[in-house]
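Reading through the structure tokens given below for one structure.
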Amino acid sequence: MTAVPERDSALGDAADQRAPRLTIGEVLAVLRDDFPDVTISKIRYLESEDLVHPQRTPSGYRKFSRADVSRLRYVLAAQRDQYLPLRVIKEHLEALDRGEPLPAGAGGPGTVPPPPAAGDDEARVPPLTPEQFARAAGLEPEQLADCVQFGLLATDADGRHPAADLPVARAAAGLARHGIEPRHLRVYRSGVEREAGLVEQLVAPVLRARSEEARTRATEKLRELATLSAQLHTALLEARLRELLRP
């Protein structure tokens, strides 16, 4: 998640216009009812462990978003209720930021609810210029151009990028660090298009319904199918890669 602090810097002004941010003292007051043992030092420590990424004012004061507070709640609850080490919690948060399902056994009834992924706040942020978007994603300008060329990302009529596409761009940036270029990722795009077409066939009749209740059911079904599809993709890929490790 090394690109996340850059993301906060790139999106900070726009995000602050949309939602008020809290000081560390205000965050402490919000959390203390549910977590009486939490302290300012604890919050600072979780930041130092790269689990939360508040913005900084020009004077150096921390300013926390709603997503930051949700992440803190998740971390504190996972420690208290599941006795998870910070290393594992960080892996869970990184998976959520990438839009991936939590590992098997990491969630379920009665367990800690996951915080909103980073993209939830970003969906409310105005579109970014290519320079802002590349900096937030950790991509070089030419890599971003390649992502657009090969269909991984798209721009609006003004050539700007929606902030909600940052998870895709960050994943592409991470793969690029391993030598996998955007042109190699067209197979992912093709696979997603086929999966989306299958899901569309299943929910299209419900989406055509006019009642709000029916559309709500369709939305819930879409989310469930998306999660199951991601789980299947991950399981199949891991099974195939395990074969490579067999003597």
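The values are calculated or read from the model by the stated rules, or taken from the named source; none is laboratory data. The structure presented is a predicted model; accordingly, all values stated were derived computationally and were not measured. Because the Cβ atoms are built from the backbone with ideal geometry, glycine has one as well, and the counts that use them run over all protein chains shown. To get the accessible areas, we keep the full protein, side chains included, count just its heavy atoms, and leave off ligands, DNA and RNA. Shrake-Rupley method; radii C 1.70, N 1.55, O 1.52, S 1.80 Å.
Going through the range 148-169 one residue at a time, which ones are open to solvent by less than 40 Å² (accessible area, probe 1.4 Å) and under 26 Å from Gln55 (Cβ atoms)?
Leu153, His161, Ala163, Leu166, Pro167, Ala169
Would you check which residues across the range 62-84 are under 18 Å from Arg21 (Cα atoms), open to solvent by 40 Å² or more (accessible area, probe 1.4 Å) and modelled with pLDDT under 90 and list them?
Correct list: Arg66 only.
State whether one or more residues within the range 52-64 are out of contact with any strand residue (DSSP E or B) (no Cβ under 8 Å at 6 or more places or on another chain) and closer than 22 Å to Thr227 by Cβ.
Checking the range 52-64: not a single residue is out of contact with any strand residue (DSSP E or B) (no Cβ under 8 Å at 6 or more places or on another chain) and closer than 22 Å to Thr227 by Cβ.
Which one of these does Val192 not meet: (1) surrounded by fewer than 16 Cβ atoms within 10 Å (Cβ to Cβ); (2) modelled with pLDDT of 85 or more?
For Val192, the exception is condition (2).
For Glu224, which of the numbered conditions (1) of a type in the set (D, E, K, R); (2) within 26 Å of Asp97 (Cβ to Cβ); (3) at pLDDT 85 or above fails to hold?
Condition (3) is where Glu224 drops out.
Output the number of residues of the range 156-183 satisfying the condition of being outside any helix (DSSP H, G or I) and free of Cβ contacts under 8 Å to residues at least 24 places away in the same chain. Let's see the steps before the verdict.
Start the filter on the range 156-183 by keeping residues that are outside any helix (DSSP H, G or I), which leaves 156-162, 177-181.
Retained after the next criterion (residues that are free of Cβ contacts under 8 Å to residues at least 24 places away in the same chain): 157, 177-180.
So the answer is 5.
Being assigned to a helix (DSSP H, G or I) and either over 20 Å from Leu96 (Cα atoms) or at pLDDT 90 or above (or both): is that true of Gln231 here?
Against the criterion (assigned to a helix (DSSP H, G or I) and either over 20 Å from Leu96 (Cα atoms) or at pLDDT 90 or above (or both)), Gln231 does not qualify.
Consider Leu198 carefully, then state whether it is in contact with a Ser or Thr (Cβ under 9 Å, 6 or more places away or on another chain) and either among the charged types (D, E, K, R) or part of a helix (DSSP H, G or I) (or both).
Answer is yes for this residue.
Output yes when any residue across the range 138-152 is under 19 Å from Arg98 (Cα atoms), at pLDDT below 85 and part of a helix (DSSP H, G or I), and no when none is.
Within the range 138-152, not a single residue is under 19 Å from Arg98 (Cα atoms), at pLDDT below 85 and part of a helix (DSSP H, G or I).
Identify all residues within the range 85-101 that are part of a loop (DSSP other than H, G, I, E, B), touching a helix residue (DSSP H, G or I) at 6+ places or on another chain (Cβ under 8 Å) and either at pLDDT 80 or above or surrounded by fewer than 18 Cβ atoms within 10 Å (Cβ to Cβ) (or both); write none if there are none.
Correct list: Arg98, Gly99.
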